[in-house]
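The values are calculated or read from the model by the stated rules, or taken from the named source; none is laboratory data. As the structure is a computational prediction, the values presented were derived from the model and not from experiment. Using ideal geometry, Cβ is built from the backbone for each residue, glycine included, and neighbour counts are taken over all protein chains shown.
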Amino acid sequence: MCSSDLQRMILLPLGLATALLSASLGAQTLSVEGKGTVEIAPEYARVGASVRHIADSAAAAQATVDRVVTTLLSEIEKLPLDPDTVDAGHITIQPKYRWNPRLEAQELLGYEATRSLGFKLTSLDSFGETLQMLTEQGATSVQPPQYGSTLIDEARSRALTIAYENAKRDALSLATAAGLTLGLPDTISTGSQRPPLLRAAQRAAPAAMDAEMAPRYEPGQLSVSASVSVIFSASP
């Protein structure tokens, strides 16, 4: 083998390594973020209420709240709900005290029993009737409803698609401004999944209702959001 052939064999790998190094140095990346939001109508509401009573004895306090909750459960069965979601098994009983400044000591007032119940209302048209029934039948407090929909997962998928498209649009604008050619994404990551938010409905004021009619509640749209972080490759 002549010396010129040997030199070519040595220089060829060196030339290839130099080309790869130049390509590596010339490669660039663009990091962008995108957000997407999809709004859907709520389909159901999780309703929660509680009954509280103070009596001279723990047994008397418990008996009172149990009696009221039993009445509420019989009325709840008449509503459009998912029977598997009815939960009325939580009760707390604790002594109640107040400070007596004359005796400089705690003074027992009685025993407070609190029992809570919850269920999933499957028809929002009955929400006003439900609240009215709970208050009329002895519930001492009603928690704000938690609205939901069976389409939340589908809405999140659509929101992710919108978020990626927005991120890619920003990356393309940056690449064009920098005189680069946008390549394929190197990495894609999503933000933490957040619960949907309820957007207030924009509706005209309803006409006056009869006093015997249950109040009408019209929730707004559920806003499902998603965010993505994308790193795109770019070249001159």
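The table for this structure:
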| read-out | value |
| --- | --- |
| Flag for ASP125 being of a type outside the set (Ser, Thr, Tyr), within 30 Å of LEU184 (Cα to Cα) and at pLDDT below 95 | no |
| Segment 44-58, residues that are touching a Gly at 6+ places or on another chain (Cβ under 7 Å) and not aromatic (Phe, Trp, Tyr) | ARG46, VAL47, GLY48, VAL51, ILE54, ALA55, ASP56 |
| Candidates PRO80, PRO95, filtered to the one that is within 26 Å of the chain's Cα centre (by Cα), modelled with pLDDT of 95 or more and either farther than 16 Å from GLN143 by Cβ or surrounded by 11 or more Cβ atoms within 10 Å (Cβ to Cβ) (or both) | PRO80 |
| Hits in segment 99-151 (condition: of a type in the set (Ser, Thr, Tyr) and either within 30 Å of VAL224 (Cα to Cα) or touching a residue at least 60 places away in the same chain (Cβ under 8 Å) (or both)) | THR114, SER116, THR122, SER123, SER126, THR130, THR140, SER141, TYR147, SER149, THR150 |
| Within segment 74-96, tally of residues that are part of a strand (DSSP E or B), closer than 18 Å to VAL51 by Cβ and not polar (S, T, N, Q) | 8 |
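To keep it simple, each residue is scored yes or no on (1) surrounded by fewer than 15 Cβ atoms within 10 Å (Cβ to Cβ); (2) at pLDDT below 95; (3) within 30 Å of LEU121 (Cα to Cα).
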residue: SER3; (1), (2), (3): yes, yes, no
residue: ARG8; (1), (2), (3): yes, yes, no
residue: LEU11; (1), (2), (3): yes, yes, no
residue: LEU16; (1), (2), (3): yes, yes, no
residue: LEU21; (1), (2), (3): yes, yes, no
residue: LEU25; (1), (2), (3): yes, yes, no
residue: LEU30; (1), (2), (3): no, yes, no
residue: ALA41; (1), (2), (3): yes, yes, yes
residue: ALA49; (1), (2), (3): no, no, yes
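So that you can scan it fast, the table gives a plain yes or no per residue for (1) crowded, with 18+ Cβ neighbours inside 10 Å; (2) not basic (Lys, Arg):
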{"site": "PHE119", "(1), (2)": "yes, yes"}
{"site": "THR122", "(1), (2)": "no, yes"}
{"site": "LEU151", "(1), (2)": "no, yes"}
{"site": "ARG156", "(1), (2)": "yes, no"}
{"site": "LEU160", "(1), (2)": "yes, yes"}
{"site": "SER173", "(1), (2)": "no, yes"}
